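Notes to accompany the following structure.
The values are calculated or read from the model by the stated rules, or taken from the named source; none is laboratory data. Treat the numbers as computed from the prediction; the structure is a model and nothing was measured. As a convention, Cβ positions derive from the backbone with ideal geometry for all residues, glycine included, and neighbour counts pool all protein chains shown. Only protein heavy atoms, including side chains, enter the accessible area calculation; ligands, DNA and RNA are left aside. Shrake-Rupley method; radii C 1.70, N 1.55, O 1.52, S 1.80 Å.
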Amino acid sequence: MREQQFNLLHDLLVRLDRNSSFYKEKFKKSGVRPEDIKSLDDIKNLPFTTKEELRDIYPLGLQVVPDEDIVRIHSSSGTTGKPVIIPYTANDVQDWSIMMARCFEVAGMTKQDRVQITPGFGLWTAGTGFQAGVERIGAMAVPTGPGNTEKQLQMMVDLKTTVLIGTSSYALVIAEEVAKRGLHDKIHLKKGIIGSERWGEKMRKRISGELNIELYDIYGLTEIYGPGISIDCHLHNGIHYWDDYLYFEIIDPTTLQPVKEGEYGELVITTLRKEGAPLLRYRTRDITRLIPGSCPCGLAYPRHDVIVGRTDDMVKVKGVNIYPGQIDEVLRDIDGVSSEYQVVIEHADGRDSMRLRVEKDQSVPTENLEKEVCTCFKSKIGIQIITEVVSLGFLPRSEKKSKRIFDYRYE
Ligand code: ZN
């Protein structure tokens, strides 16, 4: 695989150097020539590509093939600044559908399935990508798109939908409506394929419990095809990605150096086969880790872990990068604490200190719990902290994203 990946990388660099004014400029600035890259490990000498750069070359500065070879564009959401436009060739569209169909096969989808696609269609990549994968598998697509829960439930019941595709929050809406209306006996769902947001174990349990389905975590981003570049298998112990199409690296987002094997950091992706808008070392801002070793399911494709956060959420304490998702994970394994927490970071007498406030169940003795949280934190994240146990309901709740980390060091 590494040899194949290197050959694809080499071809990519030749293409970029010949046809991309954007990358030609980057090669010149960084002083690295494509011919300097003699092995896959040398990829670390090549420049990164960032979302800001893609915005700067709006609309089609990333395109490296003639206009007549482009069959479609998609666009990432422009909620902050200009959107990013990604042009696709016919081969890109096909490659994406192959990857998506592979995801569906891993999730056990067959021709017999009826698949309700609730993500949006149009400029946004999600709906279209899912649809292409369903058609490639030969299952029946029910392309409802988002919203109109009334219609969704009607389709789900009347057409006997077996697979639900959606975001975790929309799947939860559906699950709650099914419960509220007592439709459990009328639905035929078996699986849910859920993507595009970070979601916790508790939400997963609620959706799968209410709908009585098995859930699969699918990942992807518009800049790199769209959803469908990875999915977890039935063991749900890591997310398999397609390394014959994509090269994954994990870097420390502050030093920009590769992390040690198995450590968390920012996911960086190189598209090995993309024609319309290839990307070299694209910084996704998503935090995860590569899981060493092979999966007991027998698939040869490597795995990354769930996305635990975004680089914007990261804090560095005592030289260690910490992401909110990692704290969620520590607390998940400790009996007697709720999922709510608050972190206060301060700097006094020349050193950083981190205080973690967690809520406890009545039944558990405070002192033991404080010790256990400190020990778990030290062993999983690597630094000594102070734990403060508070009573259940003490910490603020928010419908929106709660602010959990308070960093007072630079004030
Ligand atoms: Zn597996």
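Computed over protein heavy atoms with a 1.4 angstrom probe, the accessible surface ordering of 244, 312, largest first, is 312, 244.
Would you mind checking the stretch 135-149 for residues with the amide N under 16 Å from a putative spin-label position 7 Å along Cα→C-beta of residue 160? In the stretch 135-149, the label zone of residue 160 (backbone N under 16 Å from the point 7 Å along Cα→Cβ) covers 139-142. Taking 21 Å as the limit for the C-alpha separation, the pairs 44/318; 205/380; 111/160; 260/316; 260/403 exceed it in the case of 44/318; 205/380; 260/403. Dividing the summed -39500 (n - 2.57) terms of all DSSP H runs of n ≥ 4 by the residue count of the chain sets its mean residue ellipticity at 222 nm at -9000 deg cm²/dmol. For residue 28 and residue 2, what does the FRET efficiency come to when R0 = 35 Å and r is the distance between their Cβ atoms, rounded to the nearest 0.05? For R0 = 35 Å, the calculated efficiency reads 0.80. The radius of gyration of the Cα set in the stretch 1-135, together with its Dmax, comes out at 17.6, 54 angstrom. Once a ≥ b ≥ c are taken as the square roots of the eigenvalues of the Cα gyration tensor of the chain, is the result rounded (a/c under 1.5), prolate (a/b larger than b/c) or oblate (a/b not larger than b/c)? Because a/c hits 1.5 or more and a/b fails to exceed b/c, the chain counts as oblate.
The modelled label-to-label distance for the pair residue 371/residue 77, using points 7 Å beyond Cα in the direction of Cβ, is 4.6 nm. Using 0.36 nm per residue and subtracting the Cα-Cα separation, the extra length available between residue 364 and residue 69 on full extension is 99.7 nm. Charge tally for residue 12 (other residues, Cβ to Cβ under 9 Å; Lys, Arg +1; Asp, Glu -1): +2. Between residue 10 and residue 263, residue separation times 0.36 nm minus the direct Cα-Cα distance comes to 88.3 nm.
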